[in-house]
Ligand code: ATP
Ligand code: MG
């Protein structure tokens, strides 16, 4: 077998080293954020019955039409690697009767997600989504809270150059009305639109507004907007949402071109868009989906949520806020010369680690000079070398690698002294 044959598949990535530390850092921020907002984590399986996503995501979407990793398993089940998590979370919500608990139910996930797409910057075949879902409330305050989670996340990540665009697609009634108006309009432009738009305009006219083709976008500038056709209730809902956002100091742009790719949205839709990472600028998108729970077999249940691409969050954070991230380091490196000193060094390193101090020694029989180089390489804050005289004295000099300052400490007291020094740093 050659490496060529077993390379990681196109559109997938190994995450390790500094990159991994960046992920863990963002994941920590997300966990704290969700704690603050009262969302609990849920982990659903990587695969589900294909039916769930066909139903949940919608037959006319790109995801279901061309992007799903579906296959028949050995038990002849038609299953699919999750191409998004909302449908799976709804399934779990119903399967475990979470609706019977006090509402709302507030959940979040960080999950691998699979779509067969053309890989490019910020677009992979296995990527990861952070998402939240709130079930059981139709109040615009739920929409506002979900948006506030996204807003606070970007703030905590130090991402500033991002705009919040919001829109309302209305309920099924408004949607039906709007679809008719929009279809008539699109037919009047039919000749000048791309083939994909032509194909979509009857099945799912909203998606035409989402076309990535600039020529089409140019043709659609005077398209009727869904906001003009909203009924009274939807209008009031959207207005209250805007009042809430303003009260929460979250700035936004009302943008009728935001329609989102998935079929399940009703009323509020929104995107946080960055100008820093090129065409794939949507870092977080979501909205209300009051019909989805019913669609998947539950009782009518209002719900609202969002999904954010982890890779894109990392890209934007990197582009805007390089300093956010510090390199890996150790509190102390303890080197040694000779077999007996080796025993003492590893004993001390182990004692330090037991007390929560990150310590390292040498595993490669390096020379003293090379050990010090290694201590530098791993960004040790302090270093110590144990040789014959240290063994005799039962003490060691610990040196601050940055200032060169040194103190001599008995082996017995090393843990306590290090604890004190680190606490003061
Ligand atoms: P796009 O229009 O960019 O394809 P989408 O509408 O398919 O996005 P959603 O289904 O709403 O995206 O997914 C939510 C988020 O997940 C996106 O905003 C993006 O950050 C991220 N995302 C979607 N597809 C990919 C992918 N193939 N690779 C990496 N991240 C992705
Ligand atoms: Mg997509």
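The values are calculated or read from the model by the stated rules, or taken from the named source; none is laboratory data. Source: prediction; values computed, not measured. Positions of Cβ are generated from backbone atoms using ideal geometry, with glycine treated the same way; all protein chains shown enter the neighbour counts.
Quick one: which of 65, 77 is more than 16 Å from residue 293 (Cα to Cα), within 16 Å of ligand 2 (Cβ to nearest atom) and in the same structural domain as residue 124 (by TED's automatic domain parsing)?
Exactly one residue qualifies, and that residue is 65.
Just checking, how many residues over region 288-302 are in a loop (DSSP other than H, G, I, E, B) and under 26 Å from the mean Cα position of the chain (by Cα)?
The total comes to 6.
Condition first: within 16 Å of ligand 2 (Cβ to nearest atom), modelled with pLDDT of 95 or more and assigned to a helix (DSSP H, G or I). Can you find one or more residues in region 47-55 that meet it?
Yes: region 47-55 contains one or more residues that are within 16 Å of ligand 2 (Cβ to nearest atom), modelled with pLDDT of 95 or more and assigned to a helix (DSSP H, G or I).
Looking at region 342-365, can you tell me whether even one residue there is out of contact with any strand residue (DSSP E or B) (no Cβ under 8 Å at 6 or more places or on another chain), under 30 Å from residue 18 (Cβ atoms), surrounded by 11 or more Cβ atoms within 10 Å (Cβ to Cβ) and in contact (Cβ under 8 Å) with a residue 40 or more places away in the chain?
yes
Only residues that are within 15 Å of ligand 2 (Cβ to nearest atom) and at pLDDT below 95: list them for region 251-272, please.
258, 259, 260, 261, 262, 263, 264, 265
Looking at 298, 287, which one is in contact (Cβ under 8 Å) with a residue 40 or more places away in the chain and touching a strand residue (DSSP E or B) at 6+ places or on another chain (Cβ under 7 Å)?
On inspection, the qualifying residue turns out to be 287.
Being within 30 Å of residue 168 (Cβ to Cβ), within 16 Å of ligand 1 (Cβ to nearest atom) and in a helix (DSSP H, G or I) is the requirement here; does residue 318 meet it?
no
Just checking, how many residues over region 321-341 are at pLDDT below 90 and either in a strand (DSSP E or B) or surrounded by 15 or more Cβ atoms within 10 Å (Cβ to Cβ) (or both)?
The total comes to 1.
Can you tell me which of 157, 169 is crowded, with 21+ Cβ neighbours inside 10 Å, under 18 Å from residue 314 (Cβ atoms) and either free of Cβ contacts under 8 Å to residues at least 24 places away in the same chain or within 16 Å of ligand 1 (Cβ to nearest atom) (or both)?
Result of the check over 157, 169: 157.
Given 136, 150, 171, which one is closer than 21 Å to residue 298 by Cβ and at pLDDT 95 or above?
On inspection, the qualifying residue turns out to be 136.
Out of (1) in contact (Cβ under 8 Å) with a residue 12 or more places away in the chain; (2) more than 21 Å from residue 282 (Cα to Cα); (3) more than 16 Å from ligand 2 (Cβ to nearest atom), what's the single condition that is false for residue 195?
Of the numbered conditions (1) in contact (Cβ under 8 Å) with a residue 12 or more places away in the chain; (2) more than 21 Å from residue 282 (Cα to Cα); (3) more than 16 Å from ligand 2 (Cβ to nearest atom), the odd one out for residue 195 is (1).
Consider region 100-130. How many of its residues are out of contact with any helix residue (DSSP H, G or I) (no Cβ under 7 Å at 6 or more places or on another chain) and either within 15 Å of ligand 2 (Cβ to nearest atom) or farther than 30 Å from residue 13 by Cα (or both)?
14
So how many residues does region 214-250 have that are under 27 Å from the mean Cα position of the chain (by Cα) and free of Cβ contacts under 8 Å to residues at least 24 places away in the same chain?
The total comes to 3.
For region 397-425, give me each residue that is touching a residue at least 40 places away in the same chain (Cβ under 8 Å) and not in a loop (DSSP other than H, G, I, E, B).
The answer is 398, 411, 414, 415, 418, 419, 422.
Here is a yes/no grid of residues against (1) within 16 Å of ligand 1 (Cβ to nearest atom); (2) closer than 22 Å to residue 268 by Cα; (3) not assigned by TED's automatic domain parsing to the domain that holds residue 147:
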position: 195; (1), (2), (3): no, no, yes
position: 209; (1), (2), (3): yes, yes, yes
position: 221; (1), (2), (3): no, yes, yes
position: 235; (1), (2), (3): no, yes, no
